[in-house]
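The values are calculated or read from the model by the stated rules, or taken from the named source; none is laboratory data. All values derive from a computational prediction rather than experimental measurement. Reconstructed Cβ throughout: ideal geometry from the backbone, glycine too, with neighbour counts over all protein chains shown.
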Amino acid sequence: MRSPRFLLWVIIALTVISVFINLPAFKDFNFGPIKNLNFNQSPVLQKIGITKPLDFRKGLDLAGGTSITLKADMSSIPSAQRDDALNSAKIVIEKRVNLFGVAEPIIQTSKVSGDYRIIVELPGVTDLNEVRKLIGTTAQLTFWEEVGTQSGKLATSSAYPINLPVGYKKTNLSGSDLKQSSVGFNQNTGKPQVLLTFTSNGQQKFAEITQRVVGKRLAIVLDSLAITSPNVNEPILGGNAEISGGFTVDEAKTLTTELNAGALPVPLNTLQSHVIGPTLGASSLDKSLFAGVLGFITIVVFMVALYGELGVIASVALLLYALIVLAIFKASSLTPFSVTLTLSGIAGFILSIGMAVDANILIFERMKEEQREGKSKKTSIELGFSRAWTSIRDSNVSTIITCLVLIKFGTGIVRGFAVVLILGVLVSMFSAIVVTRTLLRLKYG
Amino acid sequence: MNIIGKKNIYFLISFLIIIPGILAVIFYGLNLSIDFTGGSRITMSFGQPVNDKAVNLVKSEMSAQKIKISTIERSNNLLFVRTQPIDQSQNSKLVNSLKKDFANFKEEEFETIGPSVGAETTRNAVQGVILASFLIVLYITYSFRKVPKPASSFRFGVCAVVALVHDVFVVVGIFAILGHFFGVEIDSLFVTAVLTVIGFSVHDTIVVFDRIRENLKRNPSHAFGQVVNDSILQTLDRSLNTSLTVVLVLLAVLLFGGETIRWFIVALLVGIVSGTYSSVFNASPLLVLWQELRGKK
């Protein structure tokens, strides 16, 4: 073990960092004689190259919003293409949601026992009619031919694609005429290109259109957004087209996925949906925060009443524990593994405070016993820690095992709870073993 | 205090609590929420306390749209309605017509769960409990492998799990009774509560077992029952103090934490009290009982 003095500095550093992360940004705050205080983490973070905003990621039950689990009906899709089709359906939803302007949406796909699913979480959106517009309809892929500026009146039509220049006309070719799209490589240049294969019906329509628009552009539109508008160099009669246009492999893949959304449309059925009004979420957040603070005060009073001075030290360790855990939650929003705070997560956090106290109680009770046997205070502190350690370790490992099972088998709520509890248990072991011990050693050592 | 000597009394107390619960599960069944059965749940607010007139109006609006109601519950300003699964368009139609009836009508929450998802949740919950129990037996067997003879680490594992199953029965049983008489539902939060109780119960049991392990090494000459009894008494302060802290925290959350997690907290409270009881009065005495039965052979 390092010297207590060194550990004290580590603890102080951790406290400062945690407080820095946890403090909400404020502006022109007045506190007694001090006027116009300002605080914001962003400039400091930007200096070390972090541009994402630092904030707790709140779950739908606290922020309000809509969560929907959709099942993709794959009955008409050949099994080899089902993964592609699912991805395409996801991309379509993603595009629509982004266009609609939802902050921090989550759109995931999952395969559960042969079911293909899409899980959509839209914070702040509580109007089901809007949600249905976003995800309720299958994607429409249409082809628009360039006809010149003479038909400018078309541009005023509401069905006209948002980002397409004036002068295009919708053709009779659509997504159902497209059999499949895939990424290929040009044999001469080795550059990635997007390949289109049409159905026999589509082959005929496509041939007619390409004969008509040689030298002009043919735009491909998904829903109401043009995704590409390649130039038609020559009539294509065989039903196989290539779009080459200096894109990277990733760009080619994205375009392919978007095209497949039209070629492989999957009807989506709602398996599960949950809409939480914003006021309900906010009041849940307030109540659980209040309960957490109250629970914490209860513990402090109880510990000081039971163990006196030791209780004060344990309370300091607990406060630091709570600060570190909250800082981890908040800082995790900068990483891909962000912890989402939900109602059950807060319950898990409050419970983990209880478990953190337990480690302290175990140690203190053991110290009392050793002192009763006539050992000096210093010796009983060391013995208290070393003898309590095995039970702290074993009991916490079993809690961690339960949490891992929960994370594996649980659905949303359960998983949120388990993630928080597992983090809490790990930090609580640190808090009891390092923080409490260092403080005790400095005081009595 | 001689806990081991009176172990049969403590076992009896456990049975007296568990048996009514088991009977309730058998005869009344569990009041499963839509998380398991599938269905819809709508939380409505009217901007004023809910009266009978409002409830009847909601009922008639729903029957007009052929939505089958399972239960209606009210609390102050909110009305909770459980129905057969309804889809989003049915829901928006309902909301629109209710908005005409009530000036300040708001749909606070709307949840629909398909029956297949419900079945999946049930399967996951059961698998989770079984897997967690199994892993805990394995871990304890491993962690206590150096425990001196005649005790065996496997027995420690099994006894910890028996205590855990005891706690699951207590919580599920009490909620079967609450469900029948007060309409309390078992939802996925309840599953979380049960799994937490499992973790806490084992946590508690291990603290006592750890002391038994230590005392067995220290006093190899003492009788097994005596060692166990001493260990229970030595850890009793800690068991009570820890449980009391957690119970106090939970009470704080119960009183001020809002309605959404109320029954979740109650489940935790019941489970933690039961977990403390079972780790002191069931798990360790069971070790002694097992030892005695082996001795007679």
Determine which member of the set A:Ser315, A:Ser283 is outside the structural domain of A:Leu225 (by TED's automatic domain parsing), without any contact (Cβ under 8 Å) to a residue 40 or more places away in the chain and under 26 Å from the mean Cα position of the chain (by Cα).
-> A:Ser283
Applying the selection to the range B:263-286, what residues are closer than 29 Å to A:Gly277 by Cβ, crowded, with 24+ Cβ neighbours inside 10 Å and more than 10 Å from chain A (Cβ to nearest Cβ)?
-> B:Ala267
Has the range B:193-200 got at least one residue that is over 17 Å from B:Ala160 (Cβ atoms) and in the same structural domain as B:Pro148 (by TED's automatic domain parsing)?
-> yes
On the given criteria, is A:Lys368 surrounded by fewer than 24 Cβ atoms within 10 Å (Cβ to Cβ) and either away from chain B (no Cβ under 14 Å) or within 27 Å of B:Val194 (Cα to Cα) (or both)?
-> no
Yes/no for A:Ile392 being crowded, with 21+ Cβ neighbours inside 10 Å and touching a residue at least 60 places away in the same chain (Cβ under 8 Å) = no
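Residue-by-condition table, conditions (1) among the β-branched types (Val, Ile, Thr); (2) within 8 Å of chain B (Cβ to nearest Cβ):
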residue: A:Thr390; (1), (2): yes, yes
residue: A:Asp394; (1), (2): no, yes
residue: A:Ile400; (1), (2): yes, no
residue: A:Val405; (1), (2): yes, yes
residue: A:Phe417; (1), (2): no, yes
residue: A:Leu421; (1), (2): no, yes
residue: A:Leu439; (1), (2): no, no
In the range B:44-58, is there at least one residue being surrounded by 19 or more Cβ atoms within 10 Å (Cβ to Cβ), over 30 Å from B:Val288 (Cβ atoms), at pLDDT 85 or above and not assigned by TED's automatic domain parsing to the domain that holds B:Lys99?
-> no
Check B:Val273, B:Val249, B:Val208 and return the single one that is β-branched (Val, Ile, Thr) and in contact (Cβ under 8 Å) with a residue 40 or more places away in the chain.
-> B:Val208
Of the residues in the range B:91-110, those that are in contact with a helix residue (DSSP H, G or I) (Cβ under 7 Å, 6 or more places away or on another chain) and within 8 Å of chain A (Cβ to nearest Cβ) come to B:Asn91, B:Ser92, B:Glu107, B:Glu108, B:Glu109, B:Phe110
Give just the number: which of (1) more than 14 Å from every other protein chain (Cβ to nearest Cβ); (2) surrounded by 17 or more Cβ atoms within 10 Å (Cβ to Cβ); (3) outside any strand (DSSP E or B); (4) not acidic (Asp, Glu) does A:Pro235 not satisfy?
-> (2)
Which residues, taken from the range A:215-238, are touching an Asp or Glu at 6+ places or on another chain (Cβ under 7 Å) and not hydrophobic (A, V, I, L, M, F, W, C)?
-> A:Lys216, A:Arg217
Which listed residue, of B:Glu214, B:Glu185, is facing chain A (nearest Cβ under 8 Å) and either within 16 Å of the chain's Cα centre (by Cα) or surrounded by fewer than 24 Cβ atoms within 10 Å (Cβ to Cβ) (or both) | B:Glu214
Could you please let me know if B:Ser239 is outside any loop (DSSP other than H, G, I, E, B), within 12 Å of chain A (Cβ to nearest Cβ), closer than 20 Å to A:Lys368 by Cβ and at pLDDT 85 or above?
-> yes
Index of the failed condition, A:Thr66 passing every other in (1) modelled with pLDDT of 85 or more; (2) farther than 24 Å from A:Ser283 by Cβ | (2)
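Per-residue answers, yes or no, for (1) assigned to a strand (DSSP E or B); (2) hydroxyl-bearing (Ser, Thr, Tyr); (3) under 22 Å from A:Phe290 (Cβ atoms):
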residue: A:Phe20; (1), (2), (3): no, no, no
residue: A:Pro24; (1), (2), (3): no, no, yes
residue: A:Asn36; (1), (2), (3): yes, no, no
residue: A:Pro53; (1), (2), (3): no, no, no
Given the conditions (1) away from chain A (no Cβ under 12 Å); (2) buried (at least 23 other Cβ atoms within 10 Å of the Cβ), and given that B:Val208 satisfies all but one, which numbered condition is not satisfied?
-> (1)
Residue ID - modelled with the lowest pLDDT, chosen from residues in the range B:121-140 that are within 7 Å of chain A (Cβ to nearest Cβ) and surrounded by fewer than 20 Cβ atoms within 10 Å (Cβ to Cβ) | B:Asn124
Options A:Leu334, A:Leu318: the member that is at pLDDT below 90 and surrounded by 18 or more Cβ atoms within 10 Å (Cβ to Cβ) | A:Leu318
Kindly provide the set of residues from the range B:252-262 that are surrounded by 22 or more Cβ atoms within 10 Å (Cβ to Cβ) and in contact (Cβ under 8 Å) with a residue 60 or more places away in the chain, ordered by number.
-> B:Ile261
